[in-house]
Amino acid sequence: MMNKPLFIIAIVLIVVRRLSASSATEIIISIPDQTLAVVDSGKLIARYRVSTSKFGNGENVGSYQTPLGMLFVSGKFGDHLPAGTVIKNRAPTGEIIAVDAPNRDAIVSRVIWLRGMERQNLAAHDRCIYIHGTPEERRVGRAASFGCIRMRSGDVIALYDRVHIGMHVTISEKAIDELLPQEKPTLLSRAD
């Protein structure tokens, strides 16, 4: 039987863990809406258009599909690089590509590396599933990637500055409005 002080400490730890989990900053990605949202303490902080896989959703190695479920940020690469800088194997090459340069489909500007937290997405890290910039900005907003989540360079740079290692990322087949927290009414928002 647990003694009273240990029981109280256990309850306090559970409450603190739940409060911190509900107030943590997270990224939510909607596949059907091709939208990424940053949520902090239940409030929408930012929303960006993205491009997920043109091969659909899935986890199989070699499928070039975007994994679904809960993941987290395991690495960040590209601090202070100019927009459009080509990144290969998570290192800058020194080349800078213009937006919508013809015949160029490179990883540019920033890389946010994801690691899966669930059985169906555990291979995401080994598959090098990233949130990254793309020079093909005209394709952002529709499925066009090879598994990663692509963003416009300006957007991925802004996101990169908000992201921290360990931040949770949810990738879902639900509409973004279903995934975002609903605003709670206050006395200031009364309609009468």
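Computed from the coordinates by the stated procedures, all read-outs in this text should not be read as laboratory data. The structure displayed is predicted, hence computed values, not measured ones. Positions of Cβ are generated from backbone atoms using ideal geometry, with glycine treated the same way; all protein chains shown enter the neighbour counts.
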* Structure fact -> Between the residues 80, 180, 159, the Cα farthest towards the positive end of the dipole of segment 72-192, that dipole coming from +1 and -1 charges on the beta-carbon of Lys, Arg, Asp and Glu, is from 80
* Structure fact -> Around residue 78 (Cβ within 10 Å, Cβ-to-Cβ, excluding residue 78; K/R +1, D/E -1) the net charge comes to +2
* Asked: What aspartates and glutamates could a cross-link reach from residue 88, if we take a straight Cα to Cα line under 18 Å and drop same-chain neighbours fewer than 8 places away?
  -> 79, 105, 126, 136
* How large is Rg/Rh for segment 41-111, to two decimals, with Cα atoms and a Kirkwood Rh? -> 1.01
* Asked: In whole Å, what are the Cα extents of segment 80-192 along the three principal axes, biggest one first?
  -> 58, 35, 26
* To do: Distance from a point 7 Å along Cα→Cβ of residue 74 to each backbone N in segment 118-161: keep the residues under 14 Å and list them by number.
  => 118-131
* To do: Please report the orientation-averaged projected area of segment 94-156, defined via the convex hull of its C-alpha atoms, in nm².
  => 4.8 nm²
* Structure fact -> Residues other than residue 144 with Cβ under 11 Å of its Cβ, Lys/Arg counted +1 and Asp/Glu -1, net out at +2
* What residues have an amide H closer than 5 Å to that of residue 167, excluding those fewer than 5 places away on the same chain, when H is modeled at 1.01 Å from N in the peptide plane? -> 73
* Asked: Counting Lys and Arg as +1 and Asp and Glu as -1, what is the net charge of the other residues whose Cβ lies under 15 Å from the Cβ of residue 56?
  -> +1
